1. If I filter region 319-333 for residues that are within 16 Å of Ile92 (Cβ to Cβ), aromatic (Phe, Trp, Tyr) and touching a helix residue (DSSP H, G or I) at 6+ places or on another chain (Cβ under 8 Å), do I get at least one hit?
2. Among the numbered criteria (1) of a type in the set (Asp, Glu); (2) more than 25 Å from the chain's Cα centre (by Cα); (3) more than 17 Å from Gln293 (Cβ to Cβ), which single criterion is violated by Glu12?
3. Of all residues being among the charged types (D, E, K, R) and under 17 Å from Ser229 (Cα atoms) in region 51-76, which is farthest from the chain's Cα centre (by Cα)? Just the residue, please.
4. Scanning region 40-55 for residues that are aliphatic (A, V, I, L, M) and out of contact with any Leu (no Cβ under 9 Å at 6 or more places or on another chain), which turns out farthest from Phe84 (Cα to Cα)?
5. Would you be able to say whether some residue in region 231-245 is free of Cβ contacts under 8 Å to residues at least 24 places away in the same chain, basic (Lys, Arg) and surrounded by fewer than 18 Cβ atoms within 10 Å (Cβ to Cβ)?
6. Return only the number of the condition from (1) in contact with a strand residue (DSSP E or B) (Cβ under 9 Å, 6 or more places away or on another chain); (2) farther than 24 Å from Phe18 by Cβ; (3) in the same structural domain as Lys77 (by TED's automatic domain parsing) that Ala242 does not satisfy.
7. Please determine whether any residue of region 76-89 is of a type in the set (Gly, Ala, Ser) and more than 16 Å from Ala298 (Cβ to Cβ).
Amino acid sequence: MPKNILTVGLSEIKPLVFKHGKKEVGFEIELWERIARRLKLEFQYRKCSFADLLKKVVGAKIDIAIAGITKTMEREKQFDFTNFTMNSSLMIMLSGKSRISFFGSIKNFIVEKYKKILICLGLLIVLVFIVSNVIWLVERGSGSFNNSYITGIFESLWWTVATITTVGYGDFVPSSVVGRVVAIIIMFFGIMLFGMYSAELASIITASKIKHKIESHNDLVRKRVATKSGTVAVDALEKLSAIVVPVAKIEHAYYLLKQHKVDAVVFDAPALLNHYKEYPNEFIVLDDIFCPQTYGFAVPHSHRELREKIDIEMLGMQESGEYEEIYKKWFGDKII
């Protein structure tokens, strides 16, 4: 191969780099080809796995690598990066048929609001005890309740709980005016109290309250999560104590998720959003976006002159609005 023809290594990551028919297309492909035209560079593409692509850059066996490569400190030591091609972050994808954890929702509700629950229960117990004593004192000589405190208070407790829950009086009915006034107050209080509890319970079982098993990256602990091997996502997942299921191609991760063989897929937001756009009924993408990162073209340390030329053209395209034009073509007005 003539020396003046560059070897451009590719690894597929939609919508940045992929094949459409016989042609390589994508956001980064279009960006690179416009830069190559500006610099009058001749090149040929060579496809490799992502891990092999990075090795070839380190060994200077290719002149430039394009694959949505995240810029990291460790990689900067091994090869050079051009100016960023775009911003990105990691995103979580779930199966559209992910099982809703109802009991998990109740558990989360209790954990989040246990103090309020304990206070309410405490106040309710105190109220029931006070009302039971008041009713027994008022009614003890009327024959409605036993005159003995121990027996009478249990009868009064039963009446109070039945009245608050609006079940009814059962076998005990206050006969005095004061007792019936207290009964009316307790019944109204019971209606309000259980109305509030019912409303809260209803809110739990609505879509906004019922929770998926995974709602953010903090829920990935000990979950089986598929992602592309050799990527930044692997390191991020290991830090989160997730069980990483590495795959050679991210498409295989989507398959594993669809088959419920993993709990989630974590990968770069542009790739997941692109796949979700194609299959909106099969998958869910969470709003939780984490680990902000930037992509860049990778070049060997020995090719710094090439990198500088690319950087100059990249800046020129950003200033002229050409970069924005390409970005909007592939991503619309959405800022990732």
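1. Taking every residue of region 319-333 in turn, none turns out to be within 16 Å of Ile92 (Cβ to Cβ), aromatic (Phe, Trp, Tyr) and touching a helix residue (DSSP H, G or I) at 6+ places or on another chain (Cβ under 8 Å).
2. (2)
3. Going through the qualifying residues, I end up with Lys56.
4. Here the residue is Ala51.
5. For region 231-245, residues free of Cβ contacts under 8 Å to residues at least 24 places away in the same chain, basic (Lys, Arg) and surrounded by fewer than 18 Cβ atoms within 10 Å (Cβ to Cβ): present.
6. Exception for Ala242: condition (3).
7. There is at least one residue in region 76-89 that is of a type in the set (Gly, Ala, Ser) and more than 16 Å from Ala298 (Cβ to Cβ).
Results for (1) modelled with pLDDT under 75; (2) surrounded by fewer than 16 Cβ atoms within 10 Å (Cβ to Cβ), shown as yes or no for each residue.
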{"residue": "Lys61", "(1), (2)": "no, yes"}
{"residue": "Leu94", "(1), (2)": "no, no"}
{"residue": "Ser142", "(1), (2)": "yes, yes"}
{"residue": "Ser148", "(1), (2)": "no, yes"}
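The values are calculated or read from the model by the stated rules, or taken from the named source; none is laboratory data. Keep in mind that this is a model prediction, so the values were computed, not measured. All Cβ positions, even for glycine, are placed from backbone atoms using ideal geometry, and neighbour counts span all protein chains on display.
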